[in-house]
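Structure first, then comments.
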Amino acid sequence: MYTGSRILFPVVVASSLLCVLLLNAIGVSCAGGGKDEASLALSCGTNGGTDADGRKWDSDSKYLGSGESKTVRATFQDPSLLSQVPYMDARVFTKEFSYKFPITSKKRYWVRFHFYPSTYPGLNISNSYFSVAANDINLLSNFSAAITAQALTQAYIVREYSLAPMDSDSMTITFKPSDKYPGSFAFVNGIELVPSPDLFDSATMVGYSDQSFDASSGNMQTMFRLNVGGNYIPANNDSGGLLRTWYDDLPYLFGAASGVNAELNAKIKVDYKDLPDYAAPVDVYRTGRSMGPDKTVNLGYNLTWLFQVDANFTYVMRLHFCEVEFERINQRVFNIYINNQTAQVEPPADIIGWTGDKGVPTYKDYSIYVDDKPGDEQIILAMRPSVDTKPEYFDSLLNGLEIFKMDTSKNLAGPNPQLSDMLSKAEVTSTKSFSNENSSSNIQVIGGAAGGAAAIGLVAAICIVVYQRKKRVPGTDTHTSSWLPIYGHSQTSGTKSTISGKSNASSHLSAMAQGLCRRFSLPEIRQATKNFDESYVIGVGGFGKVYKGVLDGKLKVAIKRSNPSSEQGVNDSRRGGSGESSEDLSLRNRPQLHISSLSLGSESDLNEEHEEVDTNNTAIFSQIVNPTGR
C-alpha cells in the first residue's frame, strides 16, 4: 500500500495539473466549478477590436445560430461615443435570428446589450421595432432603440439583465423584428455575457418588515446603479470581474437640498470582512452622500432620490453602506422610506451597529411593488435622521444604490419611454420644416463645453450657434445627441411612437455652420430656469437633468445641466468629439464638431457676478438647445 501510494501521488498531481491547464485554456477552473469561466464581450458584425478603456471585444461570428443577418457600419459617430468599439458596427436582422452561447448549468449570468440607433446605409432606424428573448425569458418587446435614445437624449443604449440559473448548458438569445410594422428590423451592436456569483438572497418587503421577498431565483433587469456621492466608475474598474458600470447620483436627487459628499480618510482601508468584494468596488464604499453638519437643517428635510420605472413590477433595491466618518454606535442613526412607506425605521439604520467599525461595508435589500395608478410609475427613496434613539449627530448616509426590476412570469419587457410634451411638439415642428425641401430657416442652438478638474468645481461656457439650414440629403441631416448611457425609464403606452429620425437637439453641426457665438452668464441661465426650479424639469438622463427655459424673454430653450463628475460627459467636452483639447478647437475651422466643443470657459467666466457658488452642488452646463427651431 505504501509503495502504491508513492507511485499514485505523482500521477494524481500530474493529472490534476493537466486538468487545470486544459480548463484554464478554455476559461474554466478545474477546482472552481466554473468560478473562473471567462466572460464574453462581442462586437457584433465585426472582427472585434479594443475599446477606449483597453477592453478587448471579439467577433460574434462564432456564436451565430439560426436565421439570416447582415452587417452594417454607421455613417456617423456621435461625439459622445468615446470608442468606435462596439458601437459603430451592427448586425441587422430582418427575420427572426438566434445566437447560441455555451454556459454552465445552474449558474447566474449577466447579459448586456449595446444599441446605437444611428444612421445606417439602406436602413431607416425609426422602423426598427423588435423583441429579444433569452431562452424562454422575454427581455424586450416592441423595443425601439431610436425612441428610447431620443426620449432619454442619449446616443446609445445599454440594457443589462441578471438571469437566474438555467437547467441548460446553452443560452439561446433570439432577436425578432416586430410583425406589426412593415419594414421593421432588429439590430444589435454589442453583446456581453458575464458569469456571476449568487448575488441575491431575500429582500425585506417595504411596509411589511416581518416579511421578505425571495430574489435568489428570479430574473431581473438593472434599472439603476449609482455610486452615491462619488464619481463615475467604468466597467474595467468594477470588482469581482463583473464589469458593471456605476454612475453618479446627482441627476436623481430630488428637491432643493442635495446633502454633501462624504469620503473615507485615505489612510483607512476598506475592510470587506465577511462581505464578498464583488458586492461593489472599493470606490463605492469610500464615498457617500450625507445631509451635512447642521442639525437644524437636517431635521428640516429628507435626503431624497427619485427614479422613473415601469409599472406592474416588483423592484429590489440594494442600498450600500459604509461609515466613513464615525466610529461608535448611535452616532449617526436614520430612517429609510421608499415610496412614503417604512423600509428601515424599527430599528432605524445604524451603520456602525451593522458593521462594527468605520470603513467596513455592508448592504441592505428592500423590495417594493410599483402599481400602474397615475403617478405611481416611480420610486422615491428618502432618508432622514432618527430622533428616537437620541443619536450624537442628526444625519444619514448612503454610499451606493442599485435598483433591479424582477420578472413577472418570465417577462421583463417594459414599454418604450415616452417623449416629453416639449420634445413631441418639437418633433412635429421639425417634421413640418423638413417636409419643405426648398425652404430655409434659422435654427438657434446654444452649446456649452464642460471640463476641468472636479476639485475646482464648476467649469462651463454657453454658446449660441446660428446656422442656415439648406436643402439636405435624406438620411444625412441629423442624429441623436447624448451624454451618458444610463438606465433611464419613463412611462408610455404600448403603441408605436412616431419618430422622424431628425433630432431637433442635434449634436451634429452641418458643414454650413457659422461661428457666431454668444456667451451666457450663470445668472442669465438661472433666470431662464427660475434658478433651476424643479417644476421646469422636463427630463433626466446620465448627463443630469433637462430644464425648459426662456432666454431674452422669448427664446424657448431646453437646458442640459450636466454633472461635474460624469466621466463620459466631461471627457466628451474635453476631447471635443475628436480627441483634441477643447481649447484648441475653432468652430470656423471644424464646423462638423459637437456643439459642446465650441468654447471652454471657467467658473469665473460664467459667474460674472462673482456670487458664491457651492461647488459640491454645482453642475456643469453641457448643452442648451432651441427645440422649436425658431
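Among the residues of segment 291-323, those identified as hydrophobic (A, V, I, L, M, F, W, C), out of contact with any helix residue (DSSP H, G or I) (no Cβ under 7 Å at 6 or more places or on another chain) and either under 22 Å from LEU226 (Cα atoms) or assigned to a strand (DSSP E or B) (or both) are LEU303, VAL309, ALA311, PHE313, VAL316, MET317, LEU319. Against the conditions (1) at pLDDT below 95; (2) buried (at least 19 other Cβ atoms within 10 Å of the Cβ), ALA349 satisfies every one except (1).
When the residues of segment 67-89 are filtered to those that are over 20 Å from the mean Cα position of the chain (by Cα) and more than 16 Å from VAL188 (Cβ to Cβ), the one that is surrounded by the fewest Cβ atoms within 10 Å (Cβ to Cβ) is THR75.
Of the residues making up segment 59-83, those that are touching a strand residue (DSSP E or B) at 6+ places or on another chain (Cβ under 8 Å) and modelled with pLDDT under 95 are GLY65, SER66, GLY67, GLU68. Considering only residues in segment 319-346 that are more than 26 Å from the chain's Cα centre (by Cα) and of a type in the set (Phe, Trp, Tyr), the one that is surrounded by the most Cβ atoms within 10 Å (Cβ to Cβ) turns out to be PHE334.
Just to be sure, is ALA164 among the hydrophobic types (A, V, I, L, M, F, W, C), touching a Lys or Arg at 6+ places or on another chain (Cβ under 9 Å) and surrounded by fewer than 20 Cβ atoms within 10 Å (Cβ to Cβ)? Lay out the reasoning, then the answer.
Values: among the hydrophobic types (A, V, I, L, M, F, W, C): yes; touching a Lys or Arg at 6+ places or on another chain (Cβ under 9 Å): yes; surrounded by fewer than 20 Cβ atoms within 10 Å (Cβ to Cβ): yes.
The answer is yes for ALA164.
Any residue at all in segment 178-201 that's among the basic types (Lys, Arg), more than 26 Å from VAL309 (Cβ to Cβ), touching a residue at least 24 places away in the same chain (Cβ under 8 Å) and part of a loop (DSSP other than H, G, I, E, B)? No. Within segment 58-72, residues that are of a type in the set (D, E, K, R) reach partners that are open to solvent by 80 Å² or more (accessible area, probe 1.4 Å) and assigned to a loop (DSSP other than H, G, I, E, B) with beta carbons closer than 9 Å, at six or more positions or on different chains, in the pairs ASP58/ASN47; GLU68/THR94; GLU68/LYS95; LYS70/THR94.
Identify the residue in segment 246-267 that is open to solvent by 20 Å² or more (accessible area, probe 1.4 Å) and polar (S, T, N, Q) and, among all such residues, is farthest from SER396 (Cα to Cα). Ranking the qualifying residues of segment 246-267, first place goes to ASN265. Applying the set (1) assigned to a strand (DSSP E or B); (2) open to solvent by 10 Å² or more (accessible area, probe 1.4 Å); (3) touching a residue at least 60 places away in the same chain (Cβ under 8 Å); (4) among the hydroxyl-bearing types (Ser, Thr, Tyr) to THR222 leaves exactly one unmet item: (2).
State all residues of segment 161-170 that are touching a strand residue (DSSP E or B) at 6+ places or on another chain (Cβ under 8 Å) and under 18 Å from ASP407 (Cα atoms); if no residue qualifies, say none. Answer for segment 161-170, where residues must be touching a strand residue (DSSP E or B) at 6+ places or on another chain (Cβ under 8 Å) and under 18 Å from ASP407 (Cα atoms): TYR161, SER162, LEU163, ALA164, PRO165.
Counting only residues that are of a type in the set (Ser, Thr, Tyr) and touching a Pro at 6+ places or on another chain (Cβ under 9 Å), which one in segment 391-427 is most open to solvent (accessible area, probe 1.4 Å)? Give the steps one after another, and end with the answer.
The first filter runs over segment 391-427 and keeps only residues of a type in the set (Ser, Thr, Tyr), leaving 393, 396, 408-409, 420, 424.
Subset that is touching a Pro at 6+ places or on another chain (Cβ under 9 Å): 393, 396.
Working: TYR393: 95, SER396: 0 Å².
This residue is TYR393.
Pairing residues of segment 273-287 that are within 17 Å of LEU242 (Cα to Cα) and outside any helix (DSSP H, G or I) with residues that are open to solvent by 60 Å² or more (accessible area, probe 1.4 Å) and not aromatic (Phe, Trp, Tyr), at Cβ distances under 7 Å and at least 6 apart in sequence or on separate chains, gives PRO281/ASN237.
The values are calculated or read from the model by the stated rules, or taken from the named source; none is laboratory data. No experiment lies behind these values; they were computed from the predicted model shown. Methodologically, a virtual Cβ is constructed for each residue, glycine included, from the backbone with ideal geometry; neighbour enumeration extends over all protein chains shown. Note: accessible area is taken over every heavy atom of the protein model, side chains too, but ligands, DNA and RNA are not part of it. Shrake-Rupley method; radii C 1.70, N 1.55, O 1.52, S 1.80 Å.
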